[in-house]
Each structure stands twice: as C-alpha cells, then as structure tokens.
Amino acid sequence: MPDLTSAQSNAVSEMLRITPVVGRLGRLFAEAGHELYLVGGSVRDALLGVLGHDLDFTTSARPEEIERLLHRFSKAVWSIGKAFGTIGCRVRDEDGTDWVIEVTTYRSDSYQADSRKPEVRFGTSLGEDLVRRDFTVNAMAIDVTRPGGTFVDPHEGLADLTAGTIRTPGTPEQSFSDDPLRMMRAARFASQLGFQVAPEVAAAMTAMAERIEIVSAERVRDELTKLLLTDRPRAGLDLLVQTGIADRVLPELPALRLERDEHHRHKDVYEHSLTVLEQAIELEHRLEGGPDLVNRLAALLHDVGKPATRRFEPGGKVSFHHHDVVGAKLVRRRMKALHFSGEETKAVSHLVELHLRFHGYRDGQWTDSAVRRYVRDAGDQLERLHILTRADCTTRNQRKAARLREAYDDLEERIAELAEAEELDAIRPDLDGNQIMALLGLAPGREVGEAYRHMLEFRMEHGPADPETAEAELRRWWAERAG
C-alpha cells in the first residue's frame, strides 16, 4: 500500500478519472446549495485500485431533493430505498461506460434492544454520517463539489487500510449495538480484503455474539452469501466460528469441530470441510459464470450429518453411517430457516445427499446401468457433483489421492462416452405414455405410471432399445404383472 500522501492523491485521481460523470453530478448538487461526497466502499476501492462501476455518494440534501436533482441528471432514476434516504440512477459516460449511482442523505441508524429493523434518522453533517459507518476503511470520503476534490478521513481509515486492519470508527460495542449485522460484515471483509480484525473488534464480536439473533434471517442470509462468494471465505468463516456468531446463524458449522480422541482415530471434520470448500472454489472454472453459491454451500456443508451419526466401533474405528442422508435433512432445515430460495435449498441438499455415491465406484467396476443411474440421480447437478466429489479428497496420502483422481477421471470418461451414444442428459423410456396406452389399451391412470417406470428401469439397465425390443419387453412385463 502506498504512503498516506500518495494514497490520498491516488484517491482523488481515481475520482477525477471517472469524470465527467462525477464532476457533473458534483456541480449539480453544489449549484443547488448541497454538499456531495463520494463515500464508503467507493473510496476504499479507489484507494485499492479496484473501483467498479457502482458509486456511492452521501449528501446534505433530503431524499425528495436528491430525487429531483437526479431526474435532471439521468433518465433512469429509482426510489426503492427512499425510506432509508437513498435514491439511485443509471447514467452513461461519454466513453460509453455505464455507471450505477446511489445518493444517500446524511444519516445514522440503529437497532433498539428488541428490534429486527434499524431505526433510520437523517443527519445534518458529513462527520455525523461517517462516524456511524461500519468500519474506518469505509468511513472515508471525497468532496466532489470542488475542483480537484478534498479527501476526508476523520477516523484514520487510510492508516487502517495501509495496515490491513478492520476497526470501527467509534467503539466496536457501540457500532455492533447500532447494527449487529456488522459483526458478520467484519468477517466478510476479513475474507474479501484479506485484512485482520482488530483485537478489540474480535473481543466485541465474541461478547456480543447473541446480539446477532435480533437481525432478520434475510439480512443474515445475504451477508453469509456475500462472505461465501469472496475469493477466500475460510478466514471469515473461521472468525464467525471462533467468536461464537456461527453458533447462532449456522450452528451446523461449529458442530463439525468434533472432539478428537487421544488416538486420533478420525480427522478434523471442521478443517476438512473448509479445505473442501477451498478445493471446490478452485474447480469452479468447470461451471459457467462467476462464483457459485450452490457449489460453495454444498462443499462447506457436505459433512454436517457427521456429528449426529458418529459412532465408536469395536477396534477403535469411528463410523458416520448415513451421514449423507442426515446431512441433507439438516441442510434443508437450515437453509429454510435462513430463507434461501427453494431452488437453492433443493440443489444443495441434493448434492449433500449424493456426495458419497462415487465411493461405490472402484476400478471401473460399475456397470453401464450403474453409471446411467449416477447421472440420472444427479440430474442437473451433475457438474457440481463432479466438483464436490473431487474436492472431497483431502487425504495427505498422495498415492491414495492419485488413485481417487484416476478413478473419477475414468467415471467421467464413461459418462461422456455414454452421453454421446445415448443422450444421458435426457434419459427417458423407449416408449412414452401415449405409446404405452396404445399398446396396452389403457386409459390414463396408475397402471400407465407403473408401466412407464418399468420401462425407465429397463432403459437404465440395458440402454436404448429398438421399438420392437421395447414393445416386447412392455408386453412381457404386462403379462407377468397380470399373472
């Protein structure tokens, strides 16, 4: 990180780089008699050299005035956050760059002791606004109403940015009391920025962990999601566990810290799960798009059924029979409690339930039928199952790891070969429902469903059949059923 003087200069230069949009907006507010500052994450990211196309501003203007001014600035204005003092717009620069801009009235917000929603109060000064910010690195501002800009840093956020430290503008106890979600946000920034949480911040998180329970499930879910989608979520997740916050928002994770017996008869499931998560992230290039939430949740939670199924067997072994099934149920329950979508919940729990399936495959001894069933059961989660299964290998025994990789390479090759020959992505019986009804003289009903399922099993077992073979099998089954 550059020294303070050059960093300030860089921040202002970065702000000037995105003119004329910022300069034009600053002049608009100045001519109306209002202050306007680029603020928060936008300043932080400008200092780090990673400024995106979303810009946050704070102003002395009230929401109605912000809205009026932005309508003069852009044709695309929205006021969905007006109750919280925020008006947004989208504008295109002269070079064709699209910018998303949000302008918020100076404000302070806090929770009452038993409230799940923040109480928003509008402020009258920049200083009042900055002191209520979550962390010092987000409490810096640049005055955009003056040529050249003025860098404002009353809480030494630049020094903390230079040191890689997460600290609060006021006391962490007051900050976390105002908005307990900031404790989870500290964990997220630890991962996102690669920073260390200041000792007093970590201590306050530990002492106030139960305060997170007043925050709505939706806000907790969204912050957990942001943490998981960082490049290196391990640090933030570990901070949540160490401070006791995870016990209240994702208790299945700290529960994985099984007590290790004196003979070390089983590995650390918690550390294993974090490693699987990291390895699954490394394999995300196999998926389309960016960071994949379903993939990461499945990797992190794939073994959550182990604490409930742990058994000490004769001879000193430890077993976790059916932890895949138990884990899938726990995942569904937790994701429902956190208000994840039904689609996400179904996908993650399905992957958890299937994550052991591959371990029945040894030396290519599965029949084609078994491979077809593996593909059918995975459904649209097949590629994620490939990733989870590969990531689940954390053994330090390089020979064993190599054998597992080779075995899964072989399975994927067989899937590809069968897919090319048989269109595995859409395995269906060789006879559809209408053909079954015509051949057997049936009306729609339960018997047609039974026949369809039999023909699907026949297809899975034997592969595609020609019409004559399929019809002969259907009639054979029907006659046997009738007899």
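The values are calculated or read from the model by the stated rules, or taken from the named source; none is laboratory data. Just so it is clear, the model here is predicted, and its values are computed rather than measured. We place every Cβ from the backbone using ideal geometry, glycine too, and count neighbours over all the protein chains shown. Ligands, DNA and RNA are excluded from the accessible area calculation, which covers all protein heavy atoms including side chains. Shrake-Rupley method; radii C 1.70, N 1.55, O 1.52, S 1.80 Å.
Under 30 Å from the mean Cα position of the chain (by Cα) and closer than 30 Å to Glu213 by Cβ: does that describe Arg90? Working first, answer last.
Details: under 30 Å from the mean Cα position of the chain (by Cα): yes; closer than 30 Å to Glu213 by Cβ: no.
When the stated conditions are applied, Arg90 does not pass them.
Among all residue pairs at least 6 apart or on different chains, which show Cβ distances below 6 Å where the first residue, located in the stretch 444-464, is closer than 16 Å to Arg475 by Cβ and the second is of a type in the set (A, V, I, L, M, F, W, C) and assigned to a helix (DSSP H, G or I)?
Listed by first residue and then by second, the contacts come to Val448/Ile436; Val448/Met437; Ala451/Ile436; His454/Trp477.
Kindly indicate whether Val91 is touching a Phe, Trp or Tyr at 6+ places or on another chain (Cβ under 8 Å), part of a strand (DSSP E or B), at pLDDT below 90 and aliphatic (A, V, I, L, M). Talk me through it step by step, then tell me what you get.
On the way: touching a Phe, Trp or Tyr at 6+ places or on another chain (Cβ under 8 Å): yes; part of a strand (DSSP E or B): yes; at pLDDT below 90: no; aliphatic (A, V, I, L, M): yes.
Judged against the criteria, Val91 is not a match.
Taking the condition of being open to solvent by 70 Å² or more (accessible area, probe 1.4 Å) and either under 46 Å from the mean Cα position of the chain (by Cα) or modelled with pLDDT of 80 or more (or both), how many residues in the stretch 448-483 meet it?
If we filter the stretch 448-483 for residues that are open to solvent by 70 Å² or more (accessible area, probe 1.4 Å), which is where we start, we get 452-453, 457, 461-462, 464, 466-468, 475-476, 480-483.
Adding the requirement that they be either under 46 Å from the mean Cα position of the chain (by Cα) or modelled with pLDDT of 80 or more (or both) leaves 452-453, 457, 461-462, 464, 466-468, 475-476, 480-481.
So the count comes out to 13.
With (1) more than 16 Å from the chain's Cα centre (by Cα); (2) in a helix (DSSP H, G or I); (3) β-branched (Val, Ile, Thr) as the list, and Ile281 as the residue in question, which single condition is left unmet?
(1) is the only condition that Ile281 fails.
Open to solvent by 70 Å² or more (accessible area, probe 1.4 Å), touching a strand residue (DSSP E or B) at 6+ places or on another chain (Cβ under 8 Å) and free of Cβ contacts under 8 Å to residues at least 40 places away in the same chain: does that describe His321? If you could, list the steps in order and put the result at the bottom.
On the way: open to solvent by 70 Å² or more (accessible area, probe 1.4 Å): yes; touching a strand residue (DSSP E or B) at 6+ places or on another chain (Cβ under 8 Å): yes; free of Cβ contacts under 8 Å to residues at least 40 places away in the same chain: yes.
When the stated conditions are applied, His321 passes them.
Considering only helices (runs of 4 or more DSSP H) fully contained in the stretch 340-427, which possess at least 1 residues that are at pLDDT below 90 and under 17 Å from Leu283 (Cα atoms)? Let's see the steps before the verdict.
Details: elements: 342-354, 368-378, 382-391, 398-422.
Qualifying helices (runs of 4 or more DSSP H): 398-422.
Here is a list: Val50, Val43. Which entry is open to solvent by 40 Å² or more (accessible area, probe 1.4 Å) and either under 21 Å from Thr150 (Cα atoms) or modelled with pLDDT of 95 or more (or both)? Full working, then the answer.
On the way: Val43 fails: open to solvent by 40 Å² or more (accessible area, probe 1.4 Å).
One residue alone meets the criteria, Val50.
Give me the helices (runs of 4 or more DSSP H) completely within the stretch 119-233, filtered to those with at least 2 residues that are in contact (Cβ under 8 Å) with a residue 40 or more places away in the chain, open to solvent by 30 Å² or more (accessible area, probe 1.4 Å) and within 28 Å of Ser60 (Cα to Cα), ordered by residue number. Quick ask: steps written out before the conclusion?
On the way: elements: 126-131, 157-163, 172-178, 181-193, 199-207, 217-228.
Fully inside the stretch 119-233 and qualifying: 172-178.
For the stretch 135-152, which positions are in contact with a strand residue (DSSP E or B) (Cβ under 9 Å, 6 or more places away or on another chain) and of a type outside the set (A, V, I, L, M)? Explain how you work it out, then say what you get.
We begin by selecting, within the stretch 135-152, every residue in contact with a strand residue (DSSP E or B) (Cβ under 9 Å, 6 or more places away or on another chain); these are 135-145, 149-152.
Scanning the stretch 135-152 gives Phe135, Thr136, Asn138, Asp143, Thr145, Gly149, Thr150, Phe151.
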